[in-house]
Amino acid sequence: MPRFFVEPDQVVDGRATLTGHDANHLSRALRTLVGETIVIVEDGSVEHGVKLDEVTPVRVSGAILWSRPVGGEPRLAVHVLQAVPAQAMDATVEALTEAGAATIRPVLTHRTVSRPDPSRVIHRLERWRLIAREAAQLAGRAAPPDVHSILPLRDALQGMPPGSRILACVLGQESAPILSAVPAPPADVGVVIGPEGGLDGADLRLLDECGAIHVHLGPRTLPSRLAGAVATSLLLGGAGDLDATAAPAPA
């Protein structure tokens, strides 16, 4: 069932209305018809089943059939501090969103190759947030993850929620399996993913100052653009957030 995030003012008197990009996407890309049902998520807290009685490229509207508290969000909040990869940051944001990351924090490390032109940072950030929103809708989440501005690693670490457990993904033999460092939910955990060349000595010293735990993702080397999604999935699996399937829509 197509799923869309809406604001409270789009739900009035037992009806829901979508306009703009969402209406255009429903009517043209998805070819949705009058009489079909979609799911909307109101303000990240309540989801509604909506039977459509109006479908145009500028306005889609219908009556609410059912409502319930929204699910789809993990109890363990995984904040991914992702070194901006040389390629495919769009796909990285999409994968992190689908895996269940609570926030995506692009960071610059000493070996980060990609150094976005400051004049293009705002445009790229807007694009990443749109990708996260669309990926979260497709994944059945309650809300998209917050995609932060690009920051140096030190600044991103300082902006983490108080009490967060910090995990540094490294290849060293002294590192522990990531599943051994899963905190009991609810909790916040920050996962630091380095660039293709890995975290260098200065990065690791900074992480050690923050009390980071060195962890690994197994015997195979993963590209930076995939490592964050794998780490997020492992952490959520270890916390029990992947034990249940998605709740079916009410009849």
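No lab work stands behind these numbers, since they all come straight from the coordinates. This is a predicted model, so every value here is computed, not measured. Every residue, glycine among them, receives a Cβ derived from its backbone with ideal geometry; neighbour counts consider all protein chains shown.
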Exercise. How much length, in nm to one decimal, is gained on full extension between residue 210 and residue 53, taken as 0.36 nm per residue of separation minus their Cα-Cα distance?
Worked result: 51.0 nm
For this session: With r as the distance between the Cβ atoms of residue 139 and residue 202 and R0 = 41 Å, compute the FRET efficiency 1/(1 + (r/R0)^6) and round to 0.05.
Result: 0.70
For this session: Specify the residue with the greatest mean-square fluctuation among 58, 191, 147, computed from a Gaussian network of the chain linking alpha-carbon atoms under 10 Å apart.
Result: 58
Seminar exercise, completed: Listing 221, 112, 37 by rising number of other beta-carbon atoms within 10 angstrom, fewest first, gives 221, 37, 112
Exercise. Any idea how far apart residue 179 and residue 15 come out in nm if each label point goes 7 Å out from Cα toward Cβ?
Worked result: 5.3 nm
Exercise. Can you give the calculated 222 nm mean residue ellipticity of the chain, where each DSSP H run of n ≥ 4 adds -39,500 (n - 2.57) and the sum is split over every residue, rounded to the nearest 500 deg cm²/dmol?
Worked result: -8500 deg cm²/dmol
Problem set entry | Cα→Cβ-extended label distance, 7 Å offset, between residue 187 and residue 45, nm | 2.9 nm
For this session: Please sort by residue number the GluC sites (Glu not before Pro) in segment 106-190 whose DSSP state is loop and whose Cβ has at most 10 other Cβ atoms within 10 Å.
Result: 174
Exercise. Mind ordering 223-230, 60-67, 240-247 by average Cβ neighbours within 10 Å, highest first?
Worked result: 223-230, 60-67, 240-247
Seminar exercise, completed: Residue ranges of DSSP H helices in the chain that stretch 27 Å or more (Cα, own long axis) and have mean Kyte-Doolittle hydropathy of at least -1.0 are 118-139
Exercise. For segment 3-69, what are the per-bin percents of Cα-Cα distances with bins 5 Å wide, up to the bin holding the maximum?
Worked result: 4, 20, 34, 27, 12, 3
